[in-house]
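> Could you have a look at this structure, given as structure tokens, before my questions?
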Amino acid sequence: MQHPIPTTTIASSDWLTDSTVFAVNREPAHSDHRFYDHVPQPNETMSLKQNLDGLWNVAVTTAPVFGFPMNDSGNAGSPDFTATDYDDTGFSRIAVPSTLETKGLLNHKYVNVQYPWDGHSDPKAPNIPTDGHVAIYRRTFETSAPVAAAIENKRRITLTFHGASTAIYVWLNGSFVGYAEDSYTPSEFDVTEALISGTNTLAVACYEYATASWLEDQDFWRMHGLFRSVELTAQPTVHIEDLHITADFETATHAGTIDAHAVIRNIADAKQLSAVLMDANGTPVWQDSYAMSDIVDPSGAPCCGTADTAIDSTAVQFRANLTNIRPWSAEKPYLYTLTLTVRTADNSIIEVVPQRLGFRHFEIVDGIMRLNGKRIIFRGANRHEFDARLGRAITEQEMLTDIITCKRNNINAIRTSHYPNQTRFYELCDEYGLYLIDETNLETHGSWTIPGDVETPETAIPGSNPIWEGPCVDRIASMIGRDRNHPSVLIWSLGNESYAGEVFRAMYRFAHAADSTRPVHYEGVVHDRPFDDVTDIETRMYAKPAEIEEYLTNDSKKPYISCEYMHAMGNSVGGMHLYTELERYPHYQGGFIWDFIDQALWQQLDDGTEHLTHGGDWDDRPCDYEFAGDGLVFADHSPSPKLQEVKRLYAPVVLTASDHDVTIENRNLFVSTIDFAFTAKLLADGNAIWQADYRFDVPAGETRTFPIDFPSVDAAGENHL
């Protein structure tokens, strides 16, 4: 179960070493839907949001063992730097979002298994090193017109940090707003009372180390700061706070169902909720309207864990049965838009919520994962959010580049290793068509292994220690609450390389209670098989083909995937065909190559030139050196040569040519080849001497042969079809 989030008006630095305090005053997780106080135009940005990205003032200092820095007055709850008149003229300037390391304010550190403090200090969990850093961020801003109107009308306003590492304390105009951990999911706070019209001062203490650091030991460059966007949100008088829509698909009849659950604040001020479903062309295909009183959940149970009568929020639900629905898949990512409109008694619009939907049905039947009735194969890769210049603070352009590279090279799935990505990435995967394993921000590899890969289960975090249950369940709750409306997300993952224990049972139970439509994945149980019940999928790392085949041929009960395989370092991925050939076994359902992109950083030399670097090039110790460079694409997102092998073996359409015909095997599940262009060429000594274009229609899952009118050639020279 989720642990309650405490509330207080006084900040305490003690929270940094208390694993049971992982958030204070933070709002519950909720869906990432957009909302408007009018009927929006297509792709209209949200005027009710005020973006606070841009240049901030920042100072980085050693974090004191007790209390807060920059606090000569000794005021524990409101340190000096939070005051509106604090003199920050000596601070540096920093772009938000960005990381402190890529801006030169902290040293780069690349570590795989170890914790970054190993060899320098030896804290015992949940304690932290005493030589960590804290970045004090400050900025002033003027409220936008929509936010100022919300203040005047006494409407609710929140402040959200979409990504901050590792722990943040927030003050607005000198008032303590809240505290949060979990670097990769939103931390949202109610600032209605603290915000004023006109000039405001926002202060944030962002700590390098907290108890959360024990849970974020991923194989990556350790980067910190406000690395995703910061924004204010003004809510309408009546507001859909949380929205959970299950868009199910019935394969035999092409019928669809919508099960909509929402949490609405101030529902008494609204009379009606109308719903319109539009297809991809904007044509309405279904609509209905409901009196608010008729759709209140009669059990009073919150659908998403946020309904609270004390703050006047109410759970509602409705269901729709639909016909002639087009399904969503990565092969054909068809999206509908469900628009919900909240109206007053006189039919005035209070709020409009457009939510894109993909109708699909994903389930495990007889130990086999099926999408819309078909056995699915994940031809996947693990992917870090990374750029050689931006570090973790990537933009939509990097996301698009990576997604297009996946589509061009037959990669149909991504594991978000090892944390939830930016919301925009999920929207793009919905649109372009990629399957996702959405992974909880959790890795503790360094807590249960020592050099030589010797396992020490007695020191594993979180294990079965109840002090870690709250933060771990909160992490998966934050991920599911935000991401469960995305059709691209097929599987929830409990995390990565964190051994096993009762805490994972608690996470597993929460995941299935919050979302019964998706299976749960976790690989760590291979180290502690009594906890096999916390994963619905048999998943392993770097298992040899023969080992996998042994599982597949011995009455396998669960579907199998390799969550990591084909470690793509250097001139690698040879022998990959031994894995793809296992697709002949029904329970084998693919894998995810480690990993997608080289984690290399640009470094400027004394002569002004630049070169790409790996661990150790920044005098970082401990480090794991070139182990950061194991991607299918280079650090600048350009393809590496090894990607050609992956493209060929992941190909869903396989061609076998002779001197007079071509046999086409269509391994796609749902689409024929009728929209594909086929080109036949005859090369002589490497030069094209004949070419013809064709259209062939091979239905999904079938193999057909077609004649090709290749010309006769002189036997002299080297000829290729």
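Read the figures in this text as sums done on the coordinates, not as results from a lab. Owing to the predicted nature of the structure, the values given are computational and were not obtained by experimental measurement. No Cβ is skipped: glycine too gets one built from the backbone with ideal geometry, and neighbour counts run over all protein chains shown.
> Set the bar at 18 Å for Cα to Cα. Now go through Lys332/Lys374; Lys332/Lys407; Lys332/Lys681; Lys49/Lys154; Lys49/Lys271; Lys544/Lys647 and name every pair that lies beyond it.
Details: Lys332/Lys374 14 Å; Lys332/Lys407 12 Å; Lys332/Lys681 29 Å; Lys49/Lys154 16 Å; Lys49/Lys271 25 Å; Lys544/Lys647 21 Å.
In this structure, Lys332/Lys681; Lys49/Lys271; Lys544/Lys647 exceed 18 Å between Cα atoms.
> If you find the alpha carbon centre of the range 320-386 and of the range 388-461, how far apart are they in angstrom?
21
> Give the peptides 314-320, 26-32, 151-157 in descending order of average Cβ contacts within 10 Å, highest first. Write down the numbers at each step before the final one.
Values: 314-320: 17.9, 26-32: 22.4, 151-157: 15.0.
Averaged packing, sorted descending, gives the order 26-32, 314-320, 151-157.
> Further, regarding this structure: Glu702 versus Ser293, label points 7 Å from Cα toward the beta carbon: distance in nm?
Result: 5.8 nm between the two label points.
> Once the cut-off is 49 Å, how many percent of the Cα-Cα pairs in the chain end up in the long-distance tail?
On the way: 45205 of 259560 pairs.
Beyond 49 Å sits 17 percent of the P(r) for the chain.
> Let me ask you something else. Figure the gain on full extension for Asp661 and Glu431 (residue separation times 0.36 nm, minus the Cα-Cα span) and round it to one decimal in nm. Intermediate values should be presented prior to the final figure.
On the way: separation 230, 0.36 × 230 = 82.80 nm, distance 3.61 nm.
Stretched fully, the Asp661-Glu431 segment lengthens by 79.2 nm.
> Against the longest alpha carbon principal axis of the chain, how many degrees, from 0 to 90 and to the nearest 10, is the axis of helix 423-432 turned?
Between the helix axis and the principal axis of the chain, the angle is about 20 degrees.
> Also, I was wondering about something else. When averaged across all projection directions, what area in nm² does the alpha-carbon convex hull of the range 239-357 cover? Don't skip to the answer; put the middle values down first.
Details: hull surface 31.8 nm².
For the range 239-357, the mean projected area of the Cα convex hull comes to 8.0 nm².
> Per residue of the chain, what 222 nm ellipticity follows from adding -39500 (n - 2.57) for every DSSP H run with n ≥ 4, rounded to the nearest 500? Don't skip to the end; give the middle numbers.
On the way: 9 runs with 82 residues, N = 721.
Estimated from H runs of four or more residues: -3000 deg cm²/dmol.
> Sticking with this structure for a sec: Assign unit charges at the C-beta atoms only (+1 for Lys and Arg, -1 for Asp and Glu), then state the dipole size of the range 156-235 relative to its Cα centre in Debye, rounded to the nearest 20. Walk me through the intermediate numbers first.
Values: 3 positive and 10 negative charges, 55 e Å.
Here the range 156-235 has a charge dipole of around 260 debye.
> What is the order of Ser274, Ser229, Ser516, fewest Cβ neighbours within 10 Å to most? Mind showing how you got there, number by number?
Numbers: Ser274 16, Ser229 20, Ser516 8.
Ordered from fewest to most neighbouring Cβ atoms within 10 Å, Ser274, Ser229, Ser516 come out as Ser516, Ser274, Ser229.
> What is the log10 of I(q)/I(0) for the range 653-720, computed with the Debye formula using one identical point scatterer on each Cα and no solvent, at q = 0.21 Å⁻¹?
Reported log10 I(q)/I(0), two decimals: -0.86.
> Could you sort 584-591, 437-444 so that the peptide with the highest average Cβ count within 10 Å comes first and the rest follow in order? Numbers along the way, then the final one.
Numbers: 584-591: 20.0, 437-444: 27.0.
Descending mean neighbour count gives 437-444, 584-591.
> Please state the relative contact order of the chain as a whole percent: Cα pairs under 8 Å, 6+ residues apart?
Details: 1739 pairs, mean separation 89.8, N = 721.
So the answer I get is 12 percent.
> Given contacts defined as C-alpha pairs under 8 Å and at least six residues apart, what's the relative contact order of the range 653-720, whole-number percent?
Working: 124 pairs, mean separation 25.6, N = 68.
Once divided by the residue count of the range 653-720, the mean separation gives 38 percent.
> Taking the square root of 5 times each eigenvalue of the Cα gyration tensor, what semi-axes in Å does the equivalent ellipsoid of the range 74-232 have, largest first?
Values: eigenvalues 189, 51, 44 Å².
Rounded to whole Å, the semi-axes are 31, 16, 15.
> Now for a separate question. Any idea what the dipole of the chain comes to, in debye rounded to 20, about its Cα centre with Lys/Arg Cβ at +1 and Asp/Glu Cβ at -1?
Working: 53 positive and 102 negative charges, 319 e Å.
Charge dipole, the chain, about its Cα centre: 1540 debye, nearest 20.
> Next question, about the same structure. Would you work out which of Ile394, Thr423, Thr102 lies farthest towards the positive end of the dipole of the chain, given +1 charges on the beta-carbon of Lys and Arg and -1 on that of Asp and Glu, about the Cα centre?
Thr423
> What ranking, highest mean first, results for peptides 169-175, 611-617 when packing means the other Cβ atoms within 10 Å averaged over each residue?
Numbers: 169-175: 21.3, 611-617: 17.4.
Answer by packing, highest mean first, reads 169-175, 611-617.
> What is the distance, in nm, between label points placed 7 Å from the Cα along the Cα-to-Cβ direction at Asp248 and at Thr45?
4.0
> Relative to the Cα centre, what is the charge dipole magnitude of the range 239-357, using +1 at the beta carbon of each Lys and Arg, -1 at the beta carbon of each Asp and Glu, and rounding to the nearest 20 debye? Don't jump to the answer; show the numbers that get you there.
Details: 7 positive and 15 negative charges, 65 e Å.
Here the size comes out at about 320 debye.
> Residue farthest toward the positive end of the dipole of the chain, with Cβ of Lys/Arg at +1 and Asp/Glu at -1: which of Ile476, His254, Pro639?
His254
> Hey, if you put +1 on the Cβ of every Lys and Arg and -1 on every Asp and Glu Cβ in the range 13-234, which of Pro123, Gly74, Ala148 ends up farthest toward the positive end of that dipole?
Farthest towards the positive end: Ala148.
> To the nearest Å, what is the center-to-center distance of the range 65-90 and the range 23-60, using C-alpha atoms only?
28
> Could I ask something else about it? Could you calculate the contour length gain from Asp693 to Glu331, that is, 0.36 nm times the residue separation minus the distance between their Cα atoms, to one decimal place in nm? Walk me through the intermediate numbers first.
Details: separation 362, 0.36 × 362 = 130.32 nm, distance 2.30 nm.
Between Asp693 and Glu331, full extension yields 128.0 nm more.
> Considering all alpha-carbon pairs of the range 6-104, what whole percent are spaced by more than 18 angstrom?
Working: 3346 of 4851 pairs.
The calculated P(r) of the range 6-104 puts 69 percent of pairs beyond 18 Å.
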